[in-house]
Structure formats: structure tokens, C-alpha cells
Amino acid sequence: MDTFNLIFIIVMFIGFAIIILSIIKLNKYDNAKPISQVDNSIKEISQAIDKADLAMDDLNLLSEEIFKRFDEKQQQLLFLYNAVEKNQISPNSIDIKINPEYNKKKPIKAHPMVDKITLMANQGMSIPDIASSLNMGQGEVKLILELGKD
């Protein structure tokens, strides 16, 4: 064997060794995602960020509208406060409309014992006697009698 053949065989073994080591090294990274899957993940993240940006824009518009309405209500309140302070209007003349049911007069329900209490009071019984016989408080009896006078 001459020197040329020996060098050729050594270089071939080194080449085969490099190829085998390269294959072994590539097998270690088989668990990594291929580039196409990474691109898909980047697209999904980009779409999610775009949706989040749209949601933030919607929230900003909503908050601007809320602050605008708040400022309007604050201006109305300040106007009414200043008018009351300057005695231009009386507080009783302000018609507050919080809900449609607010200004409706609700019938006052009479106490179920009103008739008995007034009958006993007309018979000359005292408030403590009426309260004890009906198992009620003296203040309650007194209040019912006072309201009955009006």
C-alpha cells in the first residue's frame, strides 16, 4: 500500500465518522418543531394580538362615551346646585326622574290595628293600656293616633 492509498482510506474514515456524528446530532433535535409549525404558531399569536387590539379599541370608545355622559350629568348637577344656592329655584320644585315609577304616588297602607286603636282611644283608654292590650309598643300606638288626627 502506498502512501496515497493510506491517506485516502484515512480521509474516508474521517468523512464517514463526520457523517455518522452529524446524523446522531440531528436525531437529538428531532423533538423540535418544524419551521412550518412555528410559522403557524406565530400566525395564531398575531391573530390573537389583533383581536386583543380590537377589544381594547372598543373598550376605549366605551370609556370615552361613559366619561362624556358623566361630564354631562356633572354639569347638570352643578347647574342645579348653583340655582339652589342663588335661590333661583326651590329644592322642592326640582322634578327628579330616576325611574318612571319614582313620581307615582303609592297608596299608604293603613295599619291593620288602626280601627281598634281609634275605637279604644275614643272609649277613653290611655296609650299604655291600648299598647298592652294589643301587644304593641306605646310609640307605635301614639304614632297611629297622631297620624289618624291628620
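The values are calculated or read from the model by the stated rules, or taken from the named source; none is laboratory data. For clarity, every value in this text was computed on a predicted model and none was experimentally measured. Reconstructed Cβ throughout: ideal geometry from the backbone, glycine too, with neighbour counts over all protein chains shown.
If I filter region 29-45 for residues that are closer than 30 Å to Leu134 by Cβ, surrounded by fewer than 10 Cβ atoms within 10 Å (Cβ to Cβ), of a type in the set (A, V, I, L, M) and at pLDDT below 85, do I get at least one hit? No, region 29-45 has no match at all. Restricted to region 47-150, the set of helices (runs of 4 or more DSSP H) holding at least 2 residues that are among the small types (Gly, Ala, Ser) and either surrounded by 10 or more Cβ atoms within 10 Å (Cβ to Cβ) or at pLDDT 85 or above (or both) comprises 127-134, 138-149.
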